[in-house]
1. By its C-alpha gyration tensor, with a ≥ b ≥ c as the square roots of the eigenvalues, how is the stretch 337-378 shaped: rounded for a/c under 1.5, else prolate for a/b larger than b/c, else oblate?
2. Around Thr319, under 15 Å between beta carbons, what's the net of Lys plus Arg minus Asp minus Glu among the other residues?
3. What are the equivalent ellipsoid semi-axes of the stretch 251-403, built from the alpha-carbon gyration tensor (square roots of five times its eigenvalues), in whole angstrom, biggest first?
4. Provide the net charge surrounding Val162, with neighbours chosen by a C-beta distance below 11 Å and charges set as Lys +1, Arg +1, Asp -1, Glu -1.
5. Express in whole angstrom the spacing between the alpha-carbon centres of the stretch 331-403 and the stretch 262-283.
6. Within a Cβ distance under 10 Å of Ala151, other residues only, what is the Lys/Arg minus Asp/Glu net charge?
7. Please arrange Asp234, Asp289 by counting, for each residue, the other beta carbons lying within 10 Å of its beta carbon, fewest first.
8. Rg and Dmax of the stretch 161-289 over Cα atoms: what are they, in angstrom?
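Bear in mind that the values in this text are calculations on the coordinates, not laboratory data. Note that the structure is predicted; figures quoted are calculated from it, not measured. Note that we place each Cβ from the backbone using ideal geometry, even for glycine, and neighbour counts take in every protein chain shown.
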Amino acid sequence: MAIRTTAYRDVFFVSWSLAFHGAVARALCALVLAGVPIMAASGELAASGPDREASYPPASPASGAPDEPPSRLAPTLARVAERLTQKDIGLVINNADPYSVEVGEFYIQARKLSPDQVLRVELPVKSTLTPDEFQRLRATIDARFNGSTQALALAWTMPYAVSCNAITGALALGFDPMLCVSVTSTCAPSRPSPYFNAHTATPYGTFKMRLSMLLAAKDVAGAKRMIERGVASDHTLGLRGAPSTNAYFVVTDDKARSSRSPLFPPSGPLRGTGIAVHTVRAPAIDHVDRLVVYETGATQVGKLDTLGWVPGALADHLTSFAGQLDGKSGQMTALEWIASGATASYGTVSEPCSHQQKFPHPKVLLFNYAQGSTAIEAYWRSVAWPLQGVFVGEPLAAPFARR
């Protein structure tokens, strides 16, 4: 069963309403959504037809060309009242992995975690856990943490998968063996996330879902820099009189991997946030400073070494295997974004077949982050079917949050 294309795109308009009208709009939008058929009876992606796709301006026509004119619909975003904080997170350290031990200890100090927020386990250091290995890990986590632990930081790069499921998706939604029965089954729609674009600061309390994110990098030094960026980002952006930041949404000539382009926001200022949105057509961007979001679609993304990131930046690319963090797929992994200076990223660990719902929804990601959510909240809320996607980064980074 698949989320209808129209309903999926209309999430953007719901987010605007929530920003404008608060609790009243939440109630109204809930009624609207209740009347929208979320599932397509055919079990396949519904044809877009004459829906709101026409409301989304196209990307600018050429690399290096000016952005499209600023949108007249540019909203003013209100800040969220609540978000995940240090008290809501649990840390899992793999004692069998020297990387995990050192990065985990660094994270304890960086985020001032108490001993009862830390779980130490023994896991094989390999890319993929078996279902039995995973179930033992999940049982240990469930036994250790109570209902106050809403999210997890996993202090390792490997393991990143459980068979064809991502480890972060399986921890939140449960392992789904049916996705892995054949080489083509991973292309099927996967288990939907009730947290998609949900406005709650208690994912475990509300949905019995513990969000998780890997503290993953190419090496220990890179992981420590990523953590430092996350901590340094808190409460730093969207301040009155502060320099603006840039969010780039890049349409490439790779049509399959640019399947999210109808979901890209229009160029223009995002009022109240200090973000300038740029939707452009190019192989890649280069020499951009104060970059806070970068989303594109390609097997490889070039010129990352020319970019100037702000602490707390988010970046990802739609391709099949960006979540295979061992780098053996031949495609660029999410770790390249972290190495270049981003603070969080996302990638799929098994063939997703370009379903938009298996990747971050650009507007949902941008709006949630700009409203003050943490990196882990913004990324998890933006993926409708996250079971095959691994979330990477410093989970509590919150540059647009108010104290």
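1. In terms of gyration-tensor shape, oblate.
2. After counting each charged neighbour, the total is -1.
3. Working: eigenvalues 92, 58, 49 Å².
The three semi-axes for the stretch 251-403 are 21, 17, 16 Å.
4. Values: positive: Arg138; negative: Asp132, Glu133, Asp176.
Around Val162, the surrounding residues sum to -2.
5. Taking the Cα centre of the stretch 262-283 as reference, the centre of the stretch 331-403 is 17 Å away.
6. -1
7. The order, fewest Cβ neighbours first, is Asp289, Asp234.
8. Expressed in Å, the Cα Rg and Dmax of the stretch 161-289 come to 18.9, 55.
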